[in-house]
Structure formats: C-alpha cells, structure tokens
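Undergrad: Sharing a structure, written as structure tokens. Questions coming.
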Ligand SMILES: Cc1cc2nc3c(=O)[nH]c(=O)nc-3n(C[C@H](O)[C@H](O)[C@H](O)COP(=O)(O)OP(=O)(O)OC[C@H]3O[C@@H](n4cnc5c(N)ncnc54)[C@H](O)[C@@H]3O)c2cc1C
C-alpha cells in the first residue's frame, strides 16, 4: 500500500513519461540505487526517440532506429516497474494518475517528463498532406511511409524547421532532389540565434536552392498560403512550429503558465503541488526563462534526480538547474556538414558535423551501456 507523505516518508515515486530528463533519473538509480522502496515509470513507449538523429536519418546518415534509448531496459536495470500507458489525468490530491486505458496508478511523489504535443493542424489548418513533427515517433513513421515527394514545404523557422528543410532537400533513397521551401514566418529565420548564425544559415539555404519565405503559413480549402500568396503546388507539408501543452496538465488542476505548461519553481517542483515535479518541454520554469529544447531537458535531468532523491529521503530539494550562459547548438545541413552556434559565434563545415555525431553518439552509447549492463 502507498503511504502518503503526510503519514511519513514517501515510499512510491512515479515517473510519468520516459523523456530526455527521466532517462537521466533512471541512470542515476542504476548507478546509486533506487531512492525509495518502490519506483514506477509510466510510458506509452518502451523506447525514447532521440530527436537529434532524426534529420540525419532522413538524409541517410543514420539508420532509422539508431537514435533509440531503451527506456524499458533502463527501468529494469534500475529496479523500477514499468507501466505501459499514457497519462490522461492526474488527481494531485488523491495522488493518483489515470491512464488512457483507464488504469489507475497511485504515487506519493510524481514527476512529469512527457514533452509537448503537436499543434500543427490547430494552428495552420487541416490538410492530409500535413505531417507534424510531434509526436516524433509518429513523424518518423509517416516519413518512412512517404514515397517520392518532389515538392515539400517546411513550416517553421526555428532550429527544427531549418534542420528538416536541409534534411529533406538531401532526402536519401530518391534519385531526384525534392524542391524545398522553408516558410519561416514573420518572426524570420532562426530568431533565437545570433545574426552570424542567421547569415551562415541564409547563405547555406541559398547555396542548396532552398526557397526561404518569411511570412506566416496558413492552410485553407484552397491549399497552402504564406502571407496571402499561394505556395501550391506542394506534395508534402512538414510542420515544425513548436509544441503545445498537453490538455491534461491544466485539467488536472496543476498550476500552469499562460500556455498551459506545468508551472514549476527552481527545483522543478509544481507551484501548486510540491509533491509533483516536472521537467523538459511539458514544464515552464517561473523563476527564469528556460527555452523548450532537448539540451535543457537533458541537462535538467541530473538536477531532477538529485531533488527526487532528497524528497524521497524526507529532505527539501536543493538543486537548481542553471542553464549555461551559452549552449552549443549544431544544425546539420543534410549534406555531411553542419552549422555550429555558440553565443554570437558561428562556424560551418564537415568538422562541425563530426562533432555533432560524436556528441549525439556519446549520449546514446551512455544509455545503451547502462541499459545493457556495461555502463
Ligand atoms: C526533428 C527534431 C529535431 C530536434 N533537434 C534538437 C536538437 O538538435 N537540439 C535540441 O536541443 N532540441 C532538439 N529538438 C527538440 C527536442 O526534441 C525536445 O525539446 C525534447 O525532445 C524535449 O524533451 P522532453 O524530455 O521534454 O520530451 P520528449 O523527448 O518529447 O519525451 C517525452 C516522452 O514522454 C512520452 N509521453 C508523451 N505523452 C505522455 C503521456 N501522456 N504519458 C506518459 N508519457 C508520455 C513520449 O512518448 C516521450 O517518450 C528537436 C525536435 C525535433 C522534432
């Protein structure tokens, strides 16, 4: 039976979602032991798809399943139970999760790392040609099934959209390169990056004959438009417009920000329910701005692990994830090269692509080793 924390030390820790931060928590448990008598992970998929290798798979530099992390293997090695299912609602006061299959899972302390949800058809409009990059597994499956597609529009001028435009222009397995248009929106190309990175990306888009449209996209019954001008004919529309908050976070009564993401403090704790933690894209830090990106989900993982260990021992969480002043971002250009961004600096070349490969593979191998028992 679960012992609620008001009756003593919490006993049952529930991880909801096997995202980039929760795999770091599982790694901590493998290395240092479970922090409590019982731990469970609730996840719809036994594996996590690492988004960093998806553009490289499209352009033929990786096999389809090279970027998978074995969440079930990590849970097994950590001594945690795994429940296959998707959180549909949390009753934070009863400390209970309901899954989409109607199963109920009780907890004393819970942590959310479920990422965001796709919003392409809500924001742009419905179209059978539209492929949202969220959920990423669904995106991979649709891309895998997609035959020749000579004219592709990519919507979204952030890092994901830019990398996908390059990857699709260099799409592997087809004789003729597709024509690609990148619809970056009125916010423009890579708005969160420095002007030197933007300039490098602009030059590369032009060199690879990718058309850049700096207008907002919209789909209606007549097709795809940008800034009121038709972009047809188009065979495939790929949307990389950022993710929305899952509805169940707000519906569960957890404190949320204006967009519906779980509002958390500097220790990743819900502002309304301190026995619930959240991390990664589903969460929104209220003490400072932490952008939604894989880098931050990855780096917040060990901090979350330490805080969960503290609360399971009946102590206050003390650790805070402080984003580095600058993070290195490596954007693949689909042709065996990549663009590096570090603060105001940018660089481009094959060596950047090799560095990206090294960093991505090191991350993946660490978890493969831990799940397989050699890490
Ligand atoms: C093509 C592409 C390329 C990208 N490249 C980069 C990059 O190079 N660098 C970078 O920093 N960021 C990149 N990103 C962004 C990055 O993928 C996300 O920011 C990151 O995945 C967020 O991690 P997360 O742990 O919050 O969630 P996720 O990685 O989305 O993991 C969430 C997990 O929770 C599961 N889940 C979902 N709903 C539920 C539920 N209701 N109940 C239980 N489990 C659930 C999901 O199945 C998933 O396994 C890229 C994104 C895409 C799509």
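What follows is calculated from the coordinates using simple rules that are stated; it is not laboratory data. These numbers come from a predicted model, not from an experiment. Note: ideal-geometry Cβ built from the backbone for every residue, glycine included; neighbour counts use all protein chains shown.
Undergrad: Suppose only helical runs count, i.e. DSSP H with n ≥ 4. What mean residue ellipticity at 222 nm does that imply for the chain under -39500 (n - 2.57) per run, divided by all residues and rounded to the nearest 500 deg cm²/dmol? Can you show the working numbers first?
TA: On the way: 10 runs with 112 residues, N = 375.
Estimated from H runs of four or more residues: -9000 deg cm²/dmol.
Undergrad: Compute from the Cα atoms of the range 118-242 the Rg and the Dmax, the latter being the longest Cα-Cα distance, and quote both in angstrom.
TA: Rg and Dmax of the range 118-242, Cα atoms, are 13.6, 39 Å.
Undergrad: Can you pull the semi-axes for the range 72-117, root of five times each eigenvalue of the Cα gyration tensor, sorted largest first, whole Å?
TA: Numbers: eigenvalues 72, 35, 25 Å².
Semi-axis lengths for the range 72-117 are 19, 13, 11 Å.
Undergrad: If each of residue 206 and residue 315 carries a label point 7 Å out from its Cα toward its Cβ, how far apart are those two points in nm?
TA: About 5.7 nm separates the two model spin labels.
Undergrad: Expressed in nm to one decimal, what extension gain is obtained for the pair residue 9 and residue 324 from 0.36 nm per residue of sequence separation less their Cα-Cα distance?
TA: Details: separation 315, 0.36 × 315 = 113.40 nm, distance 3.41 nm.
Fully extending the segment from residue 9 to residue 324 adds 110.0 nm.
Undergrad: So, one more: Which order, highest average first, do 315-323, 293-301, 18-26 follow once you tally other Cβ atoms within 10 Å for each residue and take the mean per peptide?
TA: So the peptides 315-323, 293-301, 18-26, ranked by packing, come out 18-26, 293-301, 315-323.
Undergrad: State log₁₀ I(q)/I(0) for the chain at q = 0.06 Å⁻¹ as given by the Debye formula over alpha-carbon point scatterers of equal weight, solvent excluded.
TA: Each listed q maps to, in turn, -0.23.
Undergrad: Any chance you could check the Cα centroid distance between the range 322-349 and the range 173-221 for me, in angstrom?
TA: After rounding, the separation between the Cα centres reads 17 Å.
Undergrad: For the chain, find the longest principal axis of its Cα atoms and tell me its angle to the long axis of helix 350-372, 0 to 90°, nearest 10.
TA: 30 degrees
Undergrad: Is the shape of the range 291-351 best called rounded, prolate or oblate, per the rule: a/c under 1.5 gives rounded, else a/b larger than b/c gives prolate, else oblate, with a ≥ b ≥ c the square roots of the Cα gyration tensor eigenvalues?
TA: Details: a/c = 5.05, a/b = 2.97, b/c = 1.70.
Note, shape of the range 291-351 comes out prolate.
Undergrad: Please give the contour-minus-distance gain from residue 119 to residue 76: 0.36 nm per residue of separation, less the Cα-Cα distance, rounded to one decimal in nm.
TA: Result: 12.1 nm gained on full extension.
Undergrad: Under a 10 Å cutoff between Cα atoms, tell me which one of 130, 146, 271 has the largest fluctuation in the Gaussian network model of the chain.
TA: 146
Undergrad: Could you tell me the ratio Rg/Rh of the range 200-307? Both radii from Cα atoms, Rh via Kirkwood. Intermediate results must be reported in sequence, preceding the final value.
TA: Details: Rg = 19.3 Å, Rh = 17.0 Å.
Taking Rh as the inverse mean 1/r over Cα pairs, Rg/Rh reads 1.14.
Undergrad: Something else about it: Suppose R0 equals 22 Å. What FRET efficiency, 1/(1 + (r/R0)^6) with r the Cβ-Cβ distance, do residue 187 and residue 259 give to the nearest 0.05? Please report the intermediate quantities before stating the final value.
TA: Numbers: r = 16 Å, r/R0 = 0.74.
The computed FRET efficiency comes out at 0.85.
Undergrad: Taking the chain as a Gaussian network, where each spring joins two C-alpha atoms under 10 Å apart, which residue of 170, 222, 327 fluctuates the most?
TA: 222
Undergrad: For the range 1-121, what are Rg and Dmax over the alpha carbons, in angstrom?
TA: Rg, Dmax (Cα atoms, Å): 15.9, 55.
Undergrad: Would you please report the Å³ per residue occupied by the convex hull of the alpha carbon atoms in the range 31-187? List each step's numbers first, then the result.
TA: Details: hull volume 25.1 nm³, N = 157.
Normalising the Cα hull of the range 31-187 by residue number yields 160 Å³.
Undergrad: Also: I need the calculated FRET efficiency for the pair residue 145 and residue 63, taking r as the beta carbon distance and R₀ as 25 Å, to the nearest 0.05. Walk me through the numbers before you get to the answer.
TA: Working: r = 17 Å, r/R0 = 0.66.
With R0 = 25 Å, the Cβ-Cβ based efficiency is 0.90.
Undergrad: Also, quick follow-up: How many angstrom lie between the C-alpha centres of the range 241-316 and the range 22-41?
TA: With the range 241-316 and the range 22-41 each reduced to a Cα centre, they are spaced 18 Å.
Undergrad: Which residue, 81, 111, 341, tops the fluctuation ranking in a GNM of the chain built on C-alpha contacts under 10 Å?
TA: Top of the fluctuation ranking is 81.
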